[in-house]
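See below for the structure under consideration.
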Amino acid sequence: MQSDNVIEVKDLKKKFKVYYDKGNSLKEKILFKSRNKYEERWVLNGISFNVKKGEAIGLIGHNGCGKSTTLKLLNRIIYPTSGEIKMKGRVSSLIELGAGFHPDMSGRENIYINASIFGLTKKEIDERIDDIIEFSELEEFMDNPVRTYSSGMYMRLAFAVAINVDADILLIDEILAVGDANFQAKCFNKLREIKGKGVTIVIVSHSLGQVEQICDRTIWIDKGLIREEGQPRKVHPLYMDYMSDTTLNSHQKKEEEEEKTTESEEVQNENVVEENSPRDIGNFDIKITDVQLIDVKTRKPATKFHIEDQMELQVCYMRKNKNIKKCEFGFHIFRSDGLDYYGTNTLIDKVNSVELKDTGKISVVFGAIYLLQGEYKIDIAFHNDLGLTYNHRYNAVEFEIKNYYDEVGIARVTHEWIFNEKEK
Ligand SMILES: Nc1ncnc2c1ncn2[C@@H]1O[C@H](COP(=O)(O)OP(=O)(O)OP(=O)(O)O)[C@@H](O)[C@H]1O
């Protein structure tokens with residue numbers, strides 16, 4: 001094993017046997033008693049990746065692509081058909097919610113059982129039980145049997161234990177989808193903290209926003225193989241394009257039929273994105289309803305600018321959750337090939353948070369753009385100060401810079417030429 005790796009996965013393959021149903025009625029069961037036929041389902045067809053100490057990896061992919069299977073193989077809940085997994089250090093996991101809990105025992109007793117499964121001694125658990133209970137925010141329910149807990153409470157308890165067992169590697173499966181938004185944000189901050197201390201994290205999630213908040217690298221699994229791997233910002237747009245194409249194909253037939261009866265309406269505004277568009281992620285407590293770029297000089301919507309023009313980004317939103325009074329807003333400009341140009345938000349800029357109305361508009365007026373010729377995209381996001389995403393829209397607007405000069409690079413650096421005679 002290479003010294004800086006803590007996980008090495010080599011040509012991992014996994015097949016399951018899926019047995020045909022023998023039927024439910026007594027007659028069927030007797031008739032098909034000897035029916036032991038099964039089919040072999042290959043879920044992983046040879047995946048390889050390494051993870052370094054302190055790295056956080058997000059596994060993404062459509063339903064049934066094998067993300068959870070990969071995580072279970074890493075956790076040795078199941079074993080590979082072939083291939084190799086090498087891991088260095090103590091592993092803690094949040095894979096099956098409440099799997100390690102005994103329903104009739106209290107929260108407190110379950111902390112002892114669960115933490116001891118992860119390898120802590122009673123003395124070690126005694127020393128940290130207060131921290132675990134405090135993090136779970138379940139003080140008043142600690143002596144109730146966990147069968148009386150909601151799934152959100154299970155998650156709080158499981159998470160509080162998993163992050164307090166001094167693991168070197170933490171495996172998390174979609175579990176953070178359970179629980180309220182503020183607790184989720186608290187968990188993410190905790191994950192960032194423990195990652196900062198060198199803990200390696202592998203997380204399975206359908207929430208690309210969650211992966212971006214915590215992960216250095218995304219691995220996209222498709223048809224049992226790694227389809228793409230790299231920085232979340234680079235892989236996620238490819239994944240979202242793929243997903244929207246797939247959805248498009250499955251809806252194509254239906255649409256073709258519908259086309260016969262209705263003529264499609266002309267699209268008024270390119271930047272209005274339908275509900276559940278794969279370009280949008282977040283919990284949608286605040287929803288982006290419209291985005292456009294305005295040419296400051298003409299006050300008209302525009303998508304083509306000259307290097308010295310002034311642009312204004314206008315974003316309309318709708319507040320769906322009236323309990324949210326304030327939030328943060330940010331934008332991020334990328335060149336069309338993904339090159340990161342500039343991003344900031346109200347927190348970084350230390351300006352006031354957005355005072356939300358039921359519907360509202362935010363404008364960002366840019367100075368001279370100073371970008372050189374090319375195509376650019378802007379991502380925008382509403383989030384809270386803990387990083388919880390209300391609505392992040394990838395590629396919210398696209399624009400083109402036309403340049404009549406021959407400067408090279410990505411942006412103009414303002415400068416002055418001074419020519420003097422050299423003093424003797
Ligand atoms: N024990 C099992 N026996 C048979 N088939 C299984 C078993 N476990 C998983 N599978 C199958 O393997 C495939 C991959 O499952 P897995 O849970 O890894 O997918 P996933 O990518 O995590 O999906 P999701 O996003 O829906 O959670 C699925 O088709 C699933 O039905």
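Quick notes on this one:
- Entries in Lys15/Lys67; Lys234/Lys325; Lys13/Lys86; Lys326/Lys361 that, when Cα-Cα distance is taken, lie over 24 Å: Lys234/Lys325
- Residues Trp42, Trp417, Trp220 arranged by fewest to most Cβ contacts within 10 Å: Trp417, Trp42, Trp220
- Cα convex hull, region 316-362: 90 Å³ per residue, rounded to a whole number.
- Under the combined filter of DSSP loop state and at most 15 neighbouring Cβ atoms within 10 Å, region 328-407 retains these trypsin sites (Lys or Arg not before Pro): Lys350, Lys357.
- The dipole here belongs to the chain: it is taken about the Cα centre, uses +1 on the Cβ of Lys and Arg and -1 on the Cβ of Asp and Glu, and is about 1680 debye.
- Shown here are the Rg and Dmax of the Cα trace of region 280-402, at 14.4, 44 Å.
- Across all C-alpha atoms in region 5-235, the radius of gyration and Dmax reach 19.5, 60 Å.
- Averaged over residues, the count of other Cβ atoms within 10 Å places the peptides 204-216, 140-152, 64-76, 224-236 in the sequence 204-216, 64-76, 224-236, 140-152, highest first.
- Sorted by Cβ density within 10 Å, fewest first, the residues Lys424, Lys123: Lys424, Lys123
- Taking amide H as placed 1.01 Å from N in the peptide plane, the amide H of Asp290 sits under 5 Å from that of Cys316, each at least 5 places away or on another chain.
- Taking only the Cα atoms of the chain, the radius of gyration and Dmax are 26.2, 110 Å.
- Residues of region 179-201 with amide N under 13 Å of the 7 Å Cα→Cβ point at Arg233: none
- Ranked list, fewest to most other Cβ atoms within 10 Å of each Cβ, for Tyr394, Tyr112: Tyr112, Tyr394
- Among the GluC sites (Glu not before Pro) in region 340-424, those located in a DSSP loop and surrounded by at most 14 other Cβ atoms within 10 Å of their own Cβ are Glu407, Glu416, Glu421, Glu423.
Values quoted throughout were computed directly from the atomic coordinates according to the rules given, and no laboratory measurement underlies them. Since the model is a prediction, treat every value here as computed from it, not as a measurement. When we count neighbours, we look across all protein chains shown, and the Cβ atoms used for this are built from the backbone with ideal geometry, even at glycine.
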